[in-house]
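The values are calculated or read from the model by the stated rules, or taken from the named source; none is laboratory data. This one's a predicted model, so the numbers in the text were calculated from it and none came from an experiment. Virtual Cβ from ideal backbone geometry, glycine too; neighbours counted across all protein chains shown. When the accessible area is computed, the model is the full protein with side chains, heavy atoms only, and any ligands, DNA or RNA have been set aside. Shrake-Rupley method; radii C 1.70, N 1.55, O 1.52, S 1.80 Å.
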Amino acid sequence: MLEYHATYYAIEDGWYMARILDFPGAISQGRTLNSARRMIRDALRGLAEWTLEENKNLPAPNPRARDKKAVYSETIALKIRAVTGAIDETPAFAGASADARLHRGTRRRAAHHGA
């Protein structure tokens, strides 16, 4: 579990802007503080999923991330579950190499996932 640092700022017309200080690009807003809190959690989750789908590393949380201009701050826990394709563990026919078994398993995963 990673803990990122969210900050909230009062903006025009009573709305709130939300920002994750230690995850660049994670910004949202809401009509109320509670709405902004829900929206930034959703933004963080979506941005983290996209980052991982792009085979990039998530930014490391900075425990010292603070902004004195914020009207409210909190940590947000981001839980990551690894989802992987199944690996074919059935024994290959006699004489098949490890590469052949791996290739056959890859074809099965691709067929299973509609690729």
Original post:
So which of Leu52, Leu58, Leu47 ends up being of a type outside the set (Gly, Ala, Ser) and assigned to a loop (DSSP other than H, G, I, E, B)?
Top reply: Leu58
Original post:
How many residues are β-branched (Val, Ile, Thr) and open to solvent by 50 Å² or more (accessible area, probe 1.4 Å) when one looks only at segment 1-42?
Top reply: 3
Original post:
Which condition breaks for Asp99 when tested against (1) among the acidic types (Asp, Glu); (2) at pLDDT 95 or above; (3) not in a loop (DSSP other than H, G, I, E, B)?
Top reply: (2)
**OP:** Taking only segment 31-76 into account, find how many residues are in contact (Cβ under 8 Å) with a residue 60 or more places away in the chain and aromatic (Phe, Trp, Tyr).
**Re:** 1
Subject >> Output for segment 43-79, where each listed residue is loosely packed, with under 10 Cβ neighbours inside 10 Å and either closer than 16 Å to Ile27 by Cβ or touching a Gly at 6+ places or on another chain (Cβ under 9 Å) (or both) >> reply: Lys69
